[in-house]
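Read the structure below first, then the notes.
The values are calculated or read from the model by the stated rules, or taken from the named source; none is laboratory data. It should be emphasised that the depicted structure is a prediction, and the values quoted were computed from it without experimental measurement. Cβ coordinates were reconstructed from backbone atoms using ideal geometry, including for glycine residues, and neighbour counts include every protein chain displayed.
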Amino acid sequence: MRSASLVASAGLAAERLAAALLALSGLTMAACREAPAASPLSDVPVVGAADDPAASFVGSWRLESWTTAEGAARCGGEARPTGQIMYSLDGHMSAQLGCPEPTTAASGGGEETADGEDDEELTVEEARRQMTRRHFSYYGRYTVDPDARTVTHHVLGSVSPGWVGEDRIRSYSFETDDRLMLDADGAKLVWLRNPPI
């Protein structure tokens, strides 16, 4: 008799608990419908409609070619440049680009770089120049001026300390929707849009 009474009490307690949880979940759902939480990104400017010139930049691009202001291939010889540049909807960008490792040959105790310099004799500045020739990256925000046909990279961080805090202005042209040419002080970089994954 006592065990039957305990079972009945437990059943009643379980019913009351279930009713309380159901009521609480209903209140919680109603509160969510009435007062949606603000998005943490609500204050971040977003690239506008399709007619916004910045919308053409949004996405990721791979480096097809890179020539210097003098018209020479940036990586020299048959080496092809590598790189990727990305433009986000919220106005951020990042770029990584460079040349494959140069051919090296033993020279005295060090290795000879593609520029014919022994890397054991390089100054810090020369070594930095050699490294950034092989790989260069930076990131920041970007703005587009359609009248001037320029995109400005507002650099927040870079492997080159001198770039940090600077605005790097690039003339641009879209040869097609998926082919972007940037002119950086005479150097020409051709980027191809990466297909979606």
Discussion item. Anything in the range 174-186 that is touching a Lys or Arg at 6+ places or on another chain (Cβ under 7 Å) and surrounded by 14 or more Cβ atoms within 10 Å (Cβ to Cβ)? List them, or say none.
Written reply: 181, 182, 183, 184
Worksheet item: Looking at (1) buried (at least 16 other Cβ atoms within 10 Å of the Cβ); (2) in contact with a Phe, Trp or Tyr (Cβ under 7 Å, 6 or more places away or on another chain), which is the only condition residue 190 fails?
Response: (2)
Worksheet item: Restricting the search to the range 151-197, which residues are within 18 Å of the chain's Cα centre (by Cα) and among the β-branched types (Val, Ile, Thr)?
Response: 151, 152, 155, 159, 164, 169, 190, 197
Practice prompt. Residue by residue through the range 164-173, note down the ones that are surrounded by 14 or more Cβ atoms within 10 Å (Cβ to Cβ) and assigned to a strand (DSSP E or B).
Written response: 168, 169, 170, 171, 172
Worksheet item: What are the residue pairs meeting all of these: first residue in the range 61-83, first residue at pLDDT 85 or above, second residue small (Gly, Ala, Ser) and loosely packed, with under 14 Cβ neighbours inside 10 Å, Cβ atoms under 7 Å, and 6 or more apart or on different chains?
Response: 69/186
Worksheet, complete the sentence: Exactly one of 165, 140, 110 is more than 21 Å from residue 188 (Cα to Cα) and at pLDDT 90 or above, and that residue is 165
Worksheet entry | Enumeration of residues in the range 174-197 that are part of a strand (DSSP E or B) and out of contact with any strand residue (DSSP E or B) (no Cβ under 7 Å at 6 or more places or on another chain) | 176
